[in-house]
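Below is one structure; the comments refer to it alone.
The values are calculated or read from the model by the stated rules, or taken from the named source; none is laboratory data. Bear in mind the structure is a predicted one, so any value in this text is a computation, not a measurement. When we count neighbours, we look across all protein chains shown, and the Cβ atoms used for this are built from the backbone with ideal geometry, even at glycine. For the accessible areas, the whole protein counts, side chains as well, though only heavy atoms, and no ligand, DNA or RNA atoms are used. Shrake-Rupley method; radii C 1.70, N 1.55, O 1.52, S 1.80 Å.
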Amino acid sequence: MCLIVFVVTNFNNTTYTEKMLDSLSSLSGVTKVYVVDNSSVDEEKEKLVSLQSKHKHWVTAIFNDKNHGYFEGLNIGIRIAKKENSEISYMVVGNNDLIFPDDFDKQLDVCSSVFDKYPVVSPDIRMLDGTPQNPHVISGISKKREFVYDLYHSSYWLAGLIVRLAKITHRFTDRKDEQQHAVAQEIHQGYGACYILTPKFFDHFDELWAPTFLMYEEFFLSKQLEQKGFKTYYEPRISVTHYCHASTGMIPGKLKWQYSRQAHKEYRKYVKVWP
């Protein structure tokens, strides 16, 4: 029997976890959900305890004593899920601010041949207004854009200026990758809010590579796959809805920029643009 395991992180936004669980409650397949709480405030933890009690047969809450970040938080859930379930057909990992369609399990079954070939599948992710977020990066990042990334991370003041300019010029400067949201294909990076890890992933890897606390997860997953000769596959027949920035939106702007700068430094160890 097909077992679908979901692993998500929760940080001071349990209301989104509740909405996600409500969307999963109608799936016909066998489902288990692991919610990893990254040291939320007591009130949010209590809400999560109540949710676990309400869905006690298929929801497990894991409470960390500190915030481990995004991918490492997911890894904590992945380890426990693997320990408790010997045969996992699909493992869906990501944010808790996702809404899954009623036929999500059937969407996975239709794409079974894709899962046989690829360790990681990236679904069609849409914001509430229908804006697509995938495929995130199809082939790579241009040198001009890499230069802007370096400028952005050189100073918080300059980062703010770049963001303001991007809002004004986005029609001309936004990458066009997402316009291929209807095309199934191998891609360089899938948007980090949701991934499907297949049995092939666990044939080659124990968990997600997590060298950063937050940000740049998409790149490090692509690098992890690349080292074994794989790429992420974008599959538009699988769809999820994303509230977007439910957790990172609560992080103060300067702190979020500092997390991004730290991650960018790690990224530059592997991506050398300038000689």
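Candidates are the residues of the stretch 129-147 that are of a type outside the set (V, I, T) and open to solvent by 40 Å² or more (accessible area, probe 1.4 Å); the one that is farthest from Y270 (Cα to Cα) is D129. Screening L208 on (1) open to solvent by 40 Å² or more (accessible area, probe 1.4 Å); (2) more than 18 Å from V137 (Cα to Cα); (3) out of contact with any Gly (no Cβ under 6 Å at 6 or more places or on another chain); (4) not in a helix (DSSP H, G or I) shows it passes everything except condition (1). All conditions but one from (1) at pLDDT 95 or above; (2) surrounded by 12 or more Cβ atoms within 10 Å (Cβ to Cβ) apply to V183; the one that does not is (2). Does L221 qualify as being in a helix (DSSP H, G or I) and in contact with a strand residue (DSSP E or B) (Cβ under 8 Å, 6 or more places away or on another chain)? Spelling it out, L221 is indeed in a helix (DSSP H, G or I) and in contact with a strand residue (DSSP E or B) (Cβ under 8 Å, 6 or more places away or on another chain). Of all residues being in contact (Cβ under 8 Å) with a residue 40 or more places away in the chain and farther than 10 Å from V7 by Cβ in the stretch 85-95, which is surrounded by the most Cβ atoms within 10 Å (Cβ to Cβ)? Just the residue, please. Checking each candidate, the answer is N95.
Residues of the stretch 95-114 include at least one that is assigned to a helix (DSSP H, G or I), within 25 Å of S239 (Cα to Cα) and among the aromatic types (F, W, Y). Of all the criteria given as (1) open to solvent by 80 Å² or more (accessible area, probe 1.4 Å); (2) within 16 Å of the chain's Cα centre (by Cα), the one not satisfied by F172 is (2). Modelled with pLDDT of 95 or more and assigned to a loop (DSSP other than H, G, I, E, B) - does that describe any residue in the stretch 157-178? Taking every residue of the stretch 157-178 in turn, none turns out to be modelled with pLDDT of 95 or more and assigned to a loop (DSSP other than H, G, I, E, B).
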